[in-house]
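Structure first, then comments.
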Amino acid sequence: MPRTSGKDPSPLFPSPGALGPRSSFARCLYIQETLGKESDLDSFILLVVFVLVALSMAEDQRQQQLMCRLRRILLPLPLRPKKKATGSVLRWLGTLLLTINELIISLVAPMLPFGVVFLMLTQGVDVASALLNGLAMSFLLQIDDLVPSIFLSGKVLTKIETYLVGEAVREWAKKDAAGFYGYVNASSFIAAATVVMGFITQVYVLNASRSVTCASLIYLLHYRATIFFGLWCTGALCLATEAGTCAIIGLQQRQLSPSDSSRASVDINEDAPVPSASGVPNWVAPVLRMLVSRIVYLLTAAFTLNVFLFYLVENVYYGKDFFVALTDQIHESFLFDLFGTCAQGTNYPGTSCIPF
C-alpha cells in the first residue's frame, strides 16, 4: 500500500479514498500518492499558478490573433500566385510560410495546460514545485517575442512597429464591425473567456487524473486538456464572444444615422453593415466566413497535434517505424480523435474511451 501523508484532504481536490481504493490498478498509484500529500497551502498556490498560466495563455493568444489579423490585411494568401512572375511567386511562397508559422506558433498555447499538469503530477504539487514549473511553462510563450530582438536591430524593429501601428490605426478608422475594428473591441472579452477556459481545463484534468491508469494519463492530458478544452471549447467560446460583440457593434451602427448628431457623422462609416436586399444583415456573411475558417483551423490543429503525439509515442518511445505504424488501423483512434471525446489513444482490444 502507498504511504499516506496523514494530512487532511484538500477541499479543492477530493481525497483518493473518495474515488475508490488506492491500491486499485485501475488508477495510477503514484498520482494518488502525489496528490495525497497536498496541503491546504499547496492547493491555494496551485490555484494561483493555474490563474497565472491561464493569463499567460490569454495574452499570447491575443498577440497572435492581433498579428494574424494584420497579416491577413497586409499579406492575404490567395490560392495561387496572382502572376507567374518570379516576384509574385516568391511573395506567395513567403506568405504561405508565414501562414504555416502562424499555425505552428498557435499550437503552443493550447498545449500549456498539458505541460503544467504533467509537471505537477510528476514533480509534485508543493509550493516551490508549483511556482517554478508554472513560471517555466509560461516562459515558453515568451520565446517567440525574444527571437526578433536577437536577429533584428532596434532601428528595424522600430520601423516595423511604426508601420504595423499605422496600418492598425487605418483599419480601426474604417469602423468595420466584422473586421479588425470589431475584433479589437471584442479582444478583452475574448481574453477573459480564454482565462476562464484555461483555468477550468487545468483544474478538471488534474482532478480527472486520479481516476485513470498510468498508461492512460498521457492520452487524458492530450485529448482532454489540449484537444477538447484547449482547442474546441476555448475556440467555440472565443468565437461566440467575438461574433456576439461584432453583431452588437453592427446593430449599434445601424441604429445611428448621420443626421443624429455631429458625433454620429464621425462614427458612422459608409461601409457600416446594413440590411441587404434579401433582409439578411450584411454582417451574417462575415460571421459565417469566420465560423468556417475557425472550424477548418481547429480540425487542422487537432490533426497536427495528434500526429505529433503519435510520433512521440510510437516512434520515439516505442521505437516503431513511423510510416509503418501510421498505416496500422489499430492507430485510427489515435490520429482521428479530432474532438478529444474518446481519449483512448491506440484502440487495442480491451481498451475503452476515458469517461468525462
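Where a number appears in this text, it was derived from the coordinates with a stated rule and is not lab data. Since this is a predicted model, take the numbers as computed values, not measurements. Cβ sites come from the backbone with ideal geometry, for glycine too, and all protein chains shown count toward neighbours.
Counting only C-alpha contacts under 8 Å and six or more residues apart, can you give the relative contact order of region 16-336 as a whole percent? Show your work: numbers first, answer last.
On the way: 291 pairs, mean separation 71.1, N = 321.
RCO, region 16-336: 22 percent.
State, as an integer percentage, the relative contact order of region 71-149 based on alpha-carbon contacts under 8 Å between residues 6 or more apart.
Values: 26 pairs, mean separation 15.7, N = 79.
Here the relative contact order equals 20 percent.
About the Cα centre of region 16-336, what is the dipole size in debye to 20, counting +1 per Lys and Arg Cβ and -1 per Asp and Glu Cβ, all else neutral?
Working: 24 positive and 23 negative charges, 201 e Å.
Taking the Cα centre of region 16-336 as origin, the dipole is about 960 debye.
How large is ³J(HN,Hα) for each residue in region 82-93, as worked out from phi by the Karplus curve 6.51 cos²θ - 1.76 cosθ + 1.60 (θ = phi - 60°), to whole Hz, x for Gly and Pro?
5, 10, 8, 5, 4, x, 5, 5, 5, 5, 5, 5
What list of ³J(HN,Hα) values in whole Hz, one per residue of region 118-134 in order, does the Karplus curve 6.51 cos²θ - 1.76 cosθ + 1.60 (θ = phi - 60°) give from phi, with Gly and Pro shown as x?
4, 5, 4, 6, 9, 9, x, 10, 5, 4, 4, 5, 4, 5, 5, 5, x
Give the separation of the Cα centroids, region 202-237 to region 44-104, in Å.
Rounded to whole Å, the Cα centres lie 25 Å apart.
If Lys and Arg each add +1 and Asp and Glu each add -1, what is the summed charge of the other residues whose beta carbon sits under 15 Å from the beta carbon of Glu167?
Neighbourhood net charge equals +3.
So what's the net charge close to Leu75: Lys and Arg +1, Asp and Glu -1, counting the other residues with Cβ under 12 Å from its Cβ? Walk me through the intermediate numbers first.
Working: positive: Arg69, Arg71, Arg72, Arg91; negative: Glu102, Glu167.
Overall, the nearby charge balance is +2.
Suppose every K and R has +1 on its Cβ and every D and E has -1 on its Cβ; what is the size of the dipole of region 74-172 about the Cα centre, in Debye to the nearest 20? Don't skip to the end; give the middle numbers.
On the way: 8 positive and 7 negative charges, 169 e Å.
Value, rounded to 20: 800 debye.
What is the order of Tyr297, Tyr163, fewest Cβ neighbours within 10 Å to most? Write out the running numbers ahead of the final one.
Values: Tyr297 15, Tyr163 12.
Ascending Cβ contact count within 10 Å gives the list Tyr163, Tyr297.
Among Glu38, Glu171, what is the fewest-to-most ranking by other Cβ atoms within 10 Å? Intermediate values should be presented prior to the final figure.
Details: Glu38 22, Glu171 19.
Ascending Cβ contact count within 10 Å gives the list Glu171, Glu38.
What are the ³J(HN,Hα) couplings of region 332-346, residue after residue, when phi is run through the Karplus curve with 6.51, -1.76, 1.60 and θ = phi - 60°? Round to Hz, x for glycine and proline.
Whole-Hz 3J(HN,Hα) from phi for region 332-346: 4, 5, 4, 8, 10, 7, 7, 10, x, 7, 8, 6, 9, x, 6.
How do Met111, Met120 rank when sorted from fewest to most other Cβ atoms within 10 Å of their own Cβ? Present the calculation step by step, with values, prior to reporting the outcome.
Details: Met111 22, Met120 27.
Lowest count first: Met111, Met120.
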